[in-house]
Amino acid sequence: MSQAFREYAAPVVRTFTSIWDGLSITLSHLLRRPTTIQYPDRTPISVRDMLPPRYRGFLEVDAAICTGCQACERACPISVIAIAVEKDPAQGNQRVVTQFDIDLAKCMFCGLCVEPCPTGSIQHTREFEGSQRHVRNLVVRWADPLKPFPVYKVPKGADHHPRAPLGSLVRAKMEWQRWDAPAPEFLPPEPKVAAPAVPAAIPAAAATAPPAAASAAPSTSPTVKEEPKP
Amino acid sequence: MTGQRHERTPGARANPRAVLLGTLAFGLGLPLLLFAAVLVLSPLSRPVMAAALVRWLGQALGTGWEPSAWSATGQQLLYGVSIALLAVVLVSFGAVVSGMTVWWEMRVSSRMQSRVGYNRVGAAGFFQWVADAVKLLFKEDLVPADADHALFRAAPYFVLVGFALVFVALPFGESLVAADLDVGVFYVVSVTALVVVGILLAGWSSNSKWALFGGMRSAAQVISYEIPAGIAILVPVMLAGTLSLQGIIRAQGPWPWQWFALATPAGPLAFLVFFVAQLAEGNRTPFDLPEAESELVAGYLSEYSSFRFALYFLVEFGNLWVMAALAVTLFLGGWQVPFAGPEAFAAARGTAVLPAAGWWGLQILSMGVFAVKTLLVVNLIVWVRWTLPRIRVDQMMTLCWKYLVPFAFAALAVTMVWQIVVSRAPAVGDATGLVLTAAALLLGAAFLRKTFRNVAAAHDRVDLTNW
Amino acid sequence: MEKLILRKIEAGREEMILNFGPQHPSTHGVINLLVETDGEVLRRAIPDVGYLHRGLEKIGEQVGYPGFMPFTDRIDYVAAMFPNEGWATAVERLLGIEAPPRAQWLRAISCELCRIASHLVSVGTMAMDIGAFTPMLHGIREREKVNDLLEALCGARLTYNYHRIGGVAFDLPEGWRDECLRFLDHFDAFLSEFDRLISWNELYVRRLAGIAVVSREQAISFGLSGPNLRGSGVDFDLRRDMPYGSWALPDFTKAVRLEVPVGKGFVGKTGDCFDRYYVRCLEMKVSARLVREALASIPEGEIAAKVPRKVKPEPGEVMSRIESARGEMAFYVVSDGTDKAYRVRVRTGSFTGMGIVEELSRGLMLADLVALIASLDVVAPEIDR
């Protein structure tokens, strides 16, 4: 009898005490300061300055100390960096970097490119605000093909290399163009029709399919064969 | 680019003081306006008063309207129009109250979760519910192709009607009630049962398995918990001797030891049973199985969108307020103002046809007392929601039938015995009230001490900033 | 799947077949479950996984050994230090090198911090699935603090990419140790508050006690690992029983005292949902103590061994097993002598965890199915890779 009563009453008592405890804890949280950081307009200092120095934000390249070794390009597992180094006959076969593109949209901010850089030219910064309407505008070009920069000659025995303040270069690049700037025009335009259902040519099935392919090809690829706009 | 972004942030540009004043004006003004409309329209909706008003209007405008000379249909039409106006105002009042309850719940619950909550749209995010309502209105109104079209469209209105009808009988102040029904309590209990119909219809007509699950769970829940709620309601009814809500309030007093929750030994138990049963009826955690977000996404509401969803949402939060108002009316003394008994109201009224200004002041005061008490109970419901997990269907049934119903009957029996005792020895009545009030105060103090200890144990301080 | 559904419809059975997911607030990630139910009680629930498959094992054959390290973060992004360590350990074994002691200690410290962060998500989302929304947010708040620490250490909050083949990428920054100790002081108080708020709440206990009991034999035969296995009463922890990395260093095991919490029917039966949940709560406490003790006696030294620029291990195969937050994470790597792996196979605790769902779901109620999946702490990235 008393066993049954205990089984009946014990959960009630436990319910009361645990709810009493729980309610007091939530009330105590009501009286404490919420931990929300109200980004972007109600923070005491800008969030960028609250970040730790090792924060892996946008990549930045200081062209003044880039040696053109392409170690970062080789280290990147997803081929985000594209570098082209040429010899400039006008400056005595000096090696110049004609292309140094980093696709920030594709970058996974892993930091593998920063490690092999001999001079610390490519670094992660604390910048993270860079929305663009067109994703192709997130390809940051650190070298101008019409005005390539010469590679940096590392002085003998130098252990540190003068660098622009971290973040200043990439911030300048992100702020230089409006967030809704049009996409660059020298890339091929998006195809205007959906992909054709029948591929234009299948070599393996060519024996039976050439008539079908020949009749399908002209009708399915009018825009794909357009010249890219200059 | 970051500079451009900062300029476009809305809050940074508007003058904060203007926003605050605008919010206060809207937040206090709109319900007061609607409430005043209720006050003015409720006596005027009686046929005699309506006719008098039209006569007066006729005199003011120069046209000689004499409603008593109109045909029977004309008079019925006049009556109908005045009733319709009152109904519209009541439903709007209910909607506005429900919206503001949403805001209050979200703000309070956010701090309990260590976050700030709404704070951009209007001062302290007050207009967020307006923005949400407008957004819901603009959404596409989808009726599933396989759904039962008529029932699907009708279901939200059952729920809305069940919710809005309660406002007719709720006494907001000493004389501020749309219709002081003799069977007020009975009326309220029966009308809130319409909500079940709406939920079942919603679940069934959505023609979706998930919605059906939710609807059936909810129906089982609400119907089961009507029983302990009804029995617990019998306690204040017995103590007051009347079913009329105003009568029950008048039988209590303004001080805590005169409230039914603390005046009798079964009062706390009855209040607790009533409170838990109302949580279950309103589908609030820990009884929110029908809308268990983690399981059924939105349960019986899964297929609803746009305005129909807004109606359900509105009714759920409005029910929150209605639950609290009922608890306050039945157990916590309603609008009774301390130091102002019935003599004070009669004295302030004066003998003229229209009551004196002092009487109106006392009415507003009683309305304020009612609002504050209701807000406290709303806080309690919100607090419980955001602390406790949800219980399972079978556990909910066990709780209802094996725990709440016996406790409710026990409360009823104890009340009966206590009433017999008090009729022999009235001093026992006062003593019980005082003892229970003292116990409640002690418990409250212990609770607060525990709360402050919690803050200290987490190496934190009481800090009410960061809104 | 389709055949099953058609068969049922043809047989004219009363049961409903529902899709629980893949978009669902309470399956942890994009997981689909086909639920056969007759009212509230299930007949069974068949997991249908693969919605988050990203071909990570195939990528492992294409990006080379150092290049795969950031991808290991994505194998389990809730507790990303563990796959990092697993991959580094596997490749180091292939190369026949060993990371220096300080690097191993740093790996252990970062892994234990990550275990705390992962368990916070796990217990928080479990509470949320049962209906208590507040403890989840408190857990996330603490996880933010752990993330801040790890952000100061390696620069990222979720996909750390901190360990390297041969060691770790960065040493402890200035003031990190004090910051970490301050967090740990506060964290113990938080854990006891969390327990009082939700773990011992009677309604919560009733939802979990005695639900979906996994016996010892079942746990072992289904291949469960980690807290799922220990929740069923099996006292097995890779850190103690098959030590790897710093757990194999005698200095480390002398400095830190590993306690392995094992389920013993805290409120119901051994192996029920509450046991698995509470084992995670206890593990958080243990991990906090481990980090404190490790920080107190960490040796000085280098943080990475010398590794050739092009990592080209000898042909061979290796297996590394790590005690991850969700169970045992094993990397099986086959090398063919080139700089890209021939085969990378990752065996994760969540995958085996999903395997037991169908068996356990017979006769459960729908609400209990949610509790079961939450207590197994499955995350979609680990299941699908």
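Each value in this text was obtained by applying a stated rule to the coordinates, not by laboratory testing. What you are looking at is a predicted structure, and each value in this text was computed from that prediction instead of being measured. Ideal geometry is used to build each Cβ from the backbone, glycine not excepted, and the neighbour counts take in all protein chains shown.
Some observations on this one:
- Between B:Glu140 and A:Glu86, the distance separating the two model label sites (each 7 Å from Cα on the Cα→Cβ line) works out to 5.2 nm.
- Neighbour-limited loop hits for trypsin sites (Lys or Arg not before Pro), the range A:121-150 (at most 16 other Cβ within 10 Å; DSSP other than H, G, I, E, B): A:Arg133
- The range C:223-375 - Debye-derived log10 I(q)/I(0), Cα point model, q = 0.11, 0.12, 0.13, 0.21 Å⁻¹: -0.59, -0.68, -0.77, -1.29
- Ranking B:Val166, B:Leu314, B:Pro156 by how far each Cα lies toward the positive end of the dipole of chain B (charges on Cβ) leaves B:Leu314 at the top.
- Cβ-based charge dipole, the protein assembly as shown, positive-most Cα from B:Val121, A:Ile78, B:Leu464: B:Leu464
- Cα convex hull, the range A:32-85: 158 Å³ per residue, rounded to a whole number.
- Relative frequency of Cα-Cα separations exceeding 15 Å in the range B:303-353, percent: 67 percent
- Helix C:176-194 and the longest principal axis of the C-alpha atoms of chain C enclose an angle of approximately 20°.
- Alpha carbon centroid spacing (whole Å) that separates the range B:134-206 from the range A:68-99: 71 Å
- Cα-based convex hull volume of the range B:53-132 per residue, rounded to whole Å³: 129 Å³
- When only the Cβ of Lys, Arg, Asp and Glu is charged (+1, +1, -1, -1), the dipole of the range B:415-467 relative to its Cα centre reaches about 120 debye.
- With bins 10 Å wide beginning at 0, the percent of Cα pairs of chain C falling in each bin runs 5, 24, 32, 24, 11, 3, 1, 0.
- With neighbours defined as other Cβ atoms within 10 Å of a residue's Cβ, the residues C:Arg257, C:Arg44, C:Arg345 order from fewest to most as C:Arg257, C:Arg345, C:Arg44.
- Span-like helix check, chain B: qualifying full DSSP H segments, with Cα axial length of 20 Å or more and mean Kyte-Doolittle of 0.0 or more, are B:16-44, B:47-61, B:72-112, B:149-164, B:209-240, B:267-281, B:306-331, B:357-385, B:405-424, B:426-457.
- The range B:142-424: relative contact order in percent, alpha carbon pairs under 8 Å with at least 6 residues between: 26 percent
- Other protein chain Cβ atoms within 10 Å, averaged over every residue that makes up B:447-456: 5
- Ellipsoid semi-axes in whole angstrom, largest first, where each is sqrt(5λ) of the Cα gyration tensor of the protein assembly as shown: 62, 37, 31
- Rg and Dmax of chain B, both derived from C-alpha coordinates alone, stand at 24.3, 82 Å.
- Fewest neighbouring Cβ atoms within 10 Å first, the residues A:Phe149, B:Phe172 line up as A:Phe149, B:Phe172.
- Kirkwood hydrodynamic radius (C-alpha pairs) into Stokes-Einstein, the range B:139-260, 25 °C and 0.890 mPa s, D in µm²/s: 149 µm²/s
- Listed pairs C:Lys58/C:Lys306; A:Lys153/A:Lys173; C:Lys254/C:Lys306 exceeding 31 Å between Cα atoms: none
- About the centre of its Cα atoms, the range A:21-158 shows a dipole size close to 100 debye [charges on the beta carbon of Lys, Arg (+1) and Asp, Glu (-1) only; nearest 20 debye].
- Coordinate range along principal axes, alpha carbons of the range B:426-467, Å, largest first: 52, 23, 6
- Chain C: angle of helix C:81-95 to the longest principal axis, Cα-based, in degrees nearest 10: 50 degrees
- Charged-residue dipole, Cβ positions (Lys, Arg, Asp, Glu), chain C about Cα centre, Debye nearest 20: 420 debye
- Think of chain C as a dipole: +1 on every Lys or Arg Cβ, -1 on every Asp or Glu Cβ, centred on the Cα centre; then among C:Val344, C:Leu203, C:Ser215, C:Val344 lies furthest on the positive end.
- Helix C:101-130 vs. chain C, principal-axis angle (Cα, 0 to 90°, nearest 10): 20 degrees
- For C:Lys145, the aspartates and glutamates whose Cα comes closer than 13 Å to its Cα, not counting residues fewer than 8 places off in the same chain, are C:Glu179, C:Asp185.
- Separation of alpha-carbon centers, the range B:435-467 and the range C:64-139, rounded to whole Å: 39 Å
- Calculated on alpha-carbon atoms, Rg and Dmax of the range A:50-176 in Å: 14.5, 47
- In whole angstrom, the range B:332-467 maps to an equivalent ellipsoid with semi-axes of 35, 28, 19, each derived as √(5λ) from the alpha carbon gyration tensor and ordered largest first.
- Proximal aspartates and glutamates relative to C:Lys264, as straight alpha-carbon distance under 12 Å, when same-chain residues fewer than 8 apart are discounted: C:Asp235, C:Asp272, C:Asp275
- Residues C:Phe194, B:Phe313 in ascending order of nearby Cβ atoms (within 10 Å, fewest first): B:Phe313, C:Phe194.
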